[in-house]
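Structure first, commentary second.
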Amino acid sequence: MGSSECEFDPAGDAVIRRTDPGADGVLGVGAVLPDIVRVSVEGWSPIAPAVDPYTGIENPSQTPDFVRLELVFDGLVNPPGTLGLGATPFEPFAFGPSPVYGFVEIDVDRNRDTGGELGGAAALRVLATLARLGEIPSSSLSSRMAFNSGEIDSNFNTQPQYERSGQDFSLNLCGCFNVSVVDTFGDVDGSFDTDDMWVVRGRFFQRATGYEEASAAFGGSFFGLYDPRVDLRFRHDSQSDETTVTLVYPLTMQGAADLAGEPVQVIDLDVANHNSMIEALDDIVIGAGFPLFGPVATLTSEWANQDPIDSIDPTRWRINAVFATTYANIEPTLYVWTDAFGDIRAGDFDASGLITQSDVDDLNSEIASLDGSISDADGVTNGVVQFWNPGTDFSVFDLDGSGAIGAPDVAAISLDCLGDANLDGTVDVNDISFVLFRLGDADCSSADVNADEALDVNDISFVLFRLGNACP
């Protein structure tokens, strides 16, 4: 993560992207669409971790004992109820009418070639979902994302390898495990409402399941999975009308002991007792030293001989996320996607980091190549490519989520003002100051005006070159 300006997502950009066949499933009455506006992650020092881990101060050291991850949503959203998976009931609205679902993927080693999900789990994660929102990573991950529904095949060996997301851990709001309410701080009506603060418990924080076969961890939901029960705090503030979801998790075994209020335990791979990121990573480093085959070898082998301590500095982590609501009734699919977060852009089809005429040309080319073909449900060359089954079928080029690709999607593209680093609609000396302040912060995509994935003097030169040029 970079500076605070790089951790924001526009408010009011939540959309409805149904996934059920026909795309006509009914949402919950009065549901607020999860609309992420801020994400922050930092080293953390709780004042009294065993009593209240959420009160403390930022710890900027490279080896803190805790990490604090916060998600801020516009409006009032509720903890996620279960969705009828496994032995759980279908009770999505158990805690209120606006449950939030989603997956926050965390790359702790800054290596996109380690970590990820396999099989059906991968089909619900960021690289398999972004296309529904018309969004594309402005990084090498763009070559791994599924651009349309035909590329979701749950086959690790085929392209694109959306399974290889680079995520090592994730915060899972999946509705796939039971959630218990630990504390409602005096609220007794059973519903998370305005100005409420709750702590809920479940297997929210998980190591990537792609590491399972390399792991000797036990005590989780399955052997090889590192998915301890952790607490999340949901807090709504009526003044800002925002809901903040906070996870405080131990990075070290000292942190795990402090959280439990007990003496330090040695690393023992038992997820059910003291657990920490160091323990979870140590397990994978050891596993990577054994002979591994197939997908698990691809996802794990580069951890061999690594020092886990090098991966617990939260300021170096990369985060991408997708969020969703769900249906009022049981459907063949689970989620209605609404928003995403990370180094991603809607309409940046060539993944250049900039939205230019080239992206418009790519969209028009897609329409021209499919219009009237077997891929076009209306079978007529009319400038519109109609999906055969909206909801099940999707394409990154369907920017408005209509179930078709055509002129409205072209109109939805907003070209970048090249050189406008601070996104105020003009290119002036303020943009030079903006870039200067963020030199070296490679995660601040708007300041990377030349889209070369580096913030350096070349970006200043680019702004100088663009001074006085008209914006679209």
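The values are calculated or read from the model by the stated rules, or taken from the named source; none is laboratory data. Treat the numbers as computed from the prediction; the structure is a model and nothing was measured. A quick note on method: Cβ atoms are made from the backbone with ideal geometry, for glycine too, and the neighbour counts reach across all protein chains shown.
Of note:
- Residue list for the range 185-198, restricted to those being more than 26 Å from the chain's Cα centre (by Cα) and either buried (at least 17 other Cβ atoms within 10 Å of the Cβ) or of a type in the set (A, V, I, L, M) (or both): Val188
- Unique residue being touching a residue at least 40 places away in the same chain (Cβ under 8 Å), touching a helix residue (DSSP H, G or I) at 6+ places or on another chain (Cβ under 7 Å) and charged (D, E, K, R) when the list is Asp348, Asp359: Asp348
- Condition met for Arg164 (in the same structural domain as Asn78 (by TED's automatic domain parsing), in a loop (DSSP other than H, G, I, E, B) and modelled with pLDDT of 95 or more): yes
- Filter result for Pro92 (assigned to a loop (DSSP other than H, G, I, E, B), in contact with a Phe, Trp or Tyr (Cβ under 6 Å, 6 or more places away or on another chain) and surrounded by 23 or more Cβ atoms within 10 Å (Cβ to Cβ)): no
- Selected residue (criterion: surrounded by the most Cβ atoms within 10 Å (Cβ to Cβ)) from residues of the range 206-227 that are among the aromatic types (Phe, Trp, Tyr) and closer than 20 Å to Ser311 by Cβ: Tyr211
- Set Asn422, Asn382: member being within 24 Å of the chain's Cα centre (by Cα), in a loop (DSSP other than H, G, I, E, B) and over 20 Å from Asn148 (Cα atoms): Asn422
- Unique match (being among the hydroxyl-bearing types (Ser, Thr, Tyr) and modelled with pLDDT under 95) among Ser191, Ser154, Ser170: Ser154
- Condition met for Ser414 (surrounded by fewer than 16 Cβ atoms within 10 Å (Cβ to Cβ), under 30 Å from Ala447 (Cα atoms) and touching a residue at least 60 places away in the same chain (Cβ under 8 Å)): yes
- Restricting attention to the range 146-175, the residues being among the small types (Gly, Ala, Ser), within 18 Å of Gly294 (Cα to Cα) and surrounded by fewer than 23 Cβ atoms within 10 Å (Cβ to Cβ) number 1.
- Test: residue in the range 317-331 that is in contact (Cβ under 8 Å) with a residue 40 or more places away in the chain, under 24 Å from the mean Cα position of the chain (by Cα) and part of a helix (DSSP H, G or I): no
- Qualifying residue in the range 23-45 (condition: modelled with pLDDT of 95 or more, under 30 Å from Gln254 (Cα atoms) and in contact with a Gly (Cβ under 8 Å, 6 or more places away or on another chain)): yes
- Candidates Gly30, Gly25, Gly75, Gly56 - the one that is surrounded by fewer than 21 Cβ atoms within 10 Å (Cβ to Cβ), small (Gly, Ala, Ser) and more than 26 Å from Met197 (Cβ to Cβ): Gly25
- Look at (1) of a type in the set (S, T, N, Q); (2) within 21 Å of the chain's Cα centre (by Cα); (3) under 23 Å from Gly202 (Cα atoms) and you find that Thr55 fails only one, number (2).
- Residues in the range 206-246 that are basic (Lys, Arg) and over 24 Å from the mean Cα position of the chain (by Cα): 0 in all.
- Within the range 247-292, considering residues that are closer than 24 Å to Trp317 by Cα and polar (S, T, N, Q), the one farthest from the chain's Cα centre (by Cα): Gln254
- A search for C-beta distances below 6 Å between a residue of the range 370-386 that is closer than 16 Å to Ser402 by Cα and any residue that is in a loop (DSSP other than H, G, I, E, B) and among the hydrophobic types (A, V, I, L, M, F, W, C), counting only pairs 6+ apart in sequence or on different chains, returns Ala377/Trp388; Gln386/Ala377.
- Residue selection: Pro10 fails the criterion of being touching a residue at least 40 places away in the same chain (Cβ under 8 Å), assigned by TED's automatic domain parsing to the domain that holds Ala321 and surrounded by fewer than 16 Cβ atoms within 10 Å (Cβ to Cβ).
- Index of the failed condition, Ser138 passing every other in (1) in contact with a helix residue (DSSP H, G or I) (Cβ under 6 Å, 6 or more places away or on another chain); (2) crowded, with 24+ Cβ neighbours inside 10 Å; (3) within 21 Å of Phe397 (Cα to Cα): (2)
- When Arg201 is tested against (1) of a type in the set (D, E, K, R); (2) crowded, with 20+ Cβ neighbours inside 10 Å; (3) in a strand (DSSP E or B), only condition (2) is not met.
- Count of the range 228-266 residues which are surrounded by 15 or more Cβ atoms within 10 Å (Cβ to Cβ), in a loop (DSSP other than H, G, I, E, B) and of a type in the set (A, V, I, L, M): 1
- Residue in the range 97-110 that is in contact with a helix residue (DSSP H, G or I) (Cβ under 8 Å, 6 or more places away or on another chain), assigned to a loop (DSSP other than H, G, I, E, B) and at pLDDT below 95 present: yes
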